[in-house]
Every structure is written in C-alpha cells, then in structure tokens.
1. Any chance you could count how many residues in the range 112-158 are within 17 Å of the chain's Cα centre (by Cα), among the charged types (D, E, K, R) and assigned to a helix (DSSP H, G or I)?
2. How many residues does the range 191-200 hold that are in contact (Cβ under 8 Å) with a residue 60 or more places away in the chain and buried (at least 17 other Cβ atoms within 10 Å of the Cβ)?
3. Would you please list the contacts, defined by Cβ atoms under 6 Å and residues six or more apart or on different chains, that run from a residue in the range 26-38 that is near the ligand (Cβ under 8 Å from one of its atoms) to a residue that is among the polar types (S, T, N, Q)?
4. Within the range 107-125, can you find the residues that are within 11 Å of the ligand (Cβ to nearest atom) and surrounded by fewer than 23 Cβ atoms within 10 Å (Cβ to Cβ)?
5. Would the range 159-169 turn up any residue that is within 14 Å of the ligand (Cβ to nearest atom), in a strand (DSSP E or B), modelled with pLDDT of 95 or more and not hydrophobic (A, V, I, L, M, F, W, C)?
6. Considering every residue within the range 68-91, establish whether at least one is within 27 Å of ARG189 (Cβ to Cβ), crowded, with 21+ Cβ neighbours inside 10 Å and within 15 Å of the ligand (Cβ to nearest atom).
7. Given (1) modelled with pLDDT of 95 or more; (2) over 18 Å from the mean Cα position of the chain (by Cα); (3) not assigned by TED's automatic domain parsing to the domain that holds LYS24, where does LYS228 come up short, assuming only one miss?
Amino acid sequence: MEQQEIKEMVGKAAVEALVRSGMKLGLGTGSTAIHAVRHVGALIQQGKLKDILAVPTSFQSTIECEKWGIPLYNLNSREIGGRLDLTIDGADEVDPDNYCVKGGGGALLLEKIVAYASAAYCVVVDESKLVNNLALTFPLPVEVINEARVPVMKALESLGTETVLREAVRKAGPVITDHGNFIIDIRFRGPVDPRTLEGEINQLPGVVENGFFTRLRPEVFIGRADGKLEVRR
Ligand code: 5RP
C-alpha cells in the first residue's frame, strides 16, 4: 500500500472503532488525522453519526471541519465545558511506551491542550512513525515566544541538543504558529527520558509548549505497509 493509502485506512479505522453519536470529539492535525476528520464529516453527512460536538486542534482541522459541516466548538464553549470524550490525532514518532513526539505540523500547543482534556486519546500513524527512542531522528518541536528565542535556544543547547529555528515554506523567515509564536526544532544526541524532559523544557521562561506527549497512554492505531492494522494499547 502507498503511504497515503495507509494514512487514510488508519484514520478511517480509528473513527469506525471509537467514534459514537453524541461525543465531544477532539480532532487532530496533519496528513493522517485529516482522514479521521473527513470520515467523521462523511458519516455525519450520511446520517450515521449524530450530535457530534467537535473541537479542532489547528486552523487546518478547523477549515476541514467547516468544509464538511462538522459542528465546531472550543474547550471553553458551554456545550463542551473543558472536557472531551475522545481525541484522535496523528504523531511524528511513537515509542514502545506509546509516548509521542508531535508538532511536525506546528500545531503542538492546541494539540496538547485538547489531548490532555480528553478522557480517551487515540493516535493514528503509519508504521514509519515507530521508534525505540524519541527525538533522535525526528526533531522535538519547542514553541517559543519571539522575545525568548535566543536564550531558549542556548538553554536547549546546554541540555545537549542541536537546535534549528523552523523556517517557513513560501514565506520569508520563520514559521509563525497558529498562536503567533516560533518553533525551535531540537535533536538529542542520545536517548533521553521524555517524561522528565516534557516538564523540564516547559520550565524555561518563554517556552510555550514542547512536543513530548507523555502524560497520556494513547491507543495507537498503526497502519502497516501490507495493509494490516494493529492497535497497540
Ligand atoms: C501536527 C502534528 C501531526 O499530528 C504530526 O505532525 C503527524 O502528521 P502527519 O500525519 O502528517 O505525519 O503533530 O502538529
């Protein structure tokens, strides 16, 4: 199977397995999660899903929900009351404990807020995302306010990382996130403990959020190249 077909298969499979009418649903970002969003939209249009209240995690997922007529809310909406039944999202890396690196699409801040407000969390990936150690190959995104860019980069380098300010494509200069911040991508030189670092990196003044997701144990839907689906709990 082509990678795009695997992404579609796994996104749809998660919706079929987990989404029920009446749910308050977090909807993720990226080229895999978008298939889950589209499938929710299609099922609503077919009348097979009713009374879904969706909270998107980015401009990308907001626009996709609008296209499909998926009813949109945010965590502060009275109908949502700050808690969701389920969130489905993608990931850049998943380790054997189901800890993740996220934020390849720059949406880590709202993705984490939405995930951590969810009773159940599902991650949809193709098998290329499985790793033994996080943030050695795919870099860990750290969202930072502009004024703190240089001190935060220096502090991250002193933790033994290589740092790169993420550059925009088809815009001169850095990526600006959905929340108006910059992203520093960092790579560790050897295995690290993501549970400790998730908290430690956020202690640096000016860091808004980082892409380690270790406080949840998601159900991971893995699409294999041979077309098989594995669910890892
Ligand atoms: C966006 C994300 C995405 O979920 C992550 O980058 C995976 O995206 P894709 O499914 O396109 O590989 O964290 O911030």
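The values are calculated or read from the model by the stated rules, or taken from the named source; none is laboratory data. A quick note: this is a predicted structure, and the numbers were derived from the prediction, not measured. Because the Cβ atoms are built from the backbone with ideal geometry, glycine has one as well, and the counts that use them run over all protein chains shown.
1. 3
2. Start the filter on the range 191-200 by keeping residues that are in contact (Cβ under 8 Å) with a residue 60 or more places away in the chain, which leaves 194-195.
If we keep only those that are buried (at least 17 other Cβ atoms within 10 Å of the Cβ) too, we end up with 194.
Number satisfying all stated conditions: 1.
3. Partner pairs satisfying both residue conditions: GLY28/THR57; THR29/THR57; THR29/SER58; THR29/GLN60; THR29/SER61.
4. Let us first name the residues in the range 107-125 that are within 11 Å of the ligand (Cβ to nearest atom), namely 107-112, 115, 123-125.
Across the range 107-125, the qualifying residue is only LEU109.
5. no
6. Here is the first cut: in the range 68-91, the residues within 27 Å of ARG189 (Cβ to Cβ) are 90-91.
Then drop every residue that is not crowded, with 21+ Cβ neighbours inside 10 Å, which leaves 90-91.
So of that shortlist, the ones also within 15 Å of the ligand (Cβ to nearest atom) come out as 90-91.
Yes, there is a match, as at least one residue in the range 68-91 is within 27 Å of ARG189 (Cβ to Cβ), crowded, with 21+ Cβ neighbours inside 10 Å and within 15 Å of the ligand (Cβ to nearest atom).
7. LYS228 satisfies every listed condition except (3).
Rundown of residues vs (1) out of contact with any Phe, Trp or Tyr (no Cβ under 9 Å at 6 or more places or on another chain); (2) under 19 Å from GLY30 (Cα atoms), yes/no style:
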residue	(1), (2)
TYR116	no, yes
ALA135	no, yes
ARG149	no, no
GLU162	no, no
ILE183	yes, yes
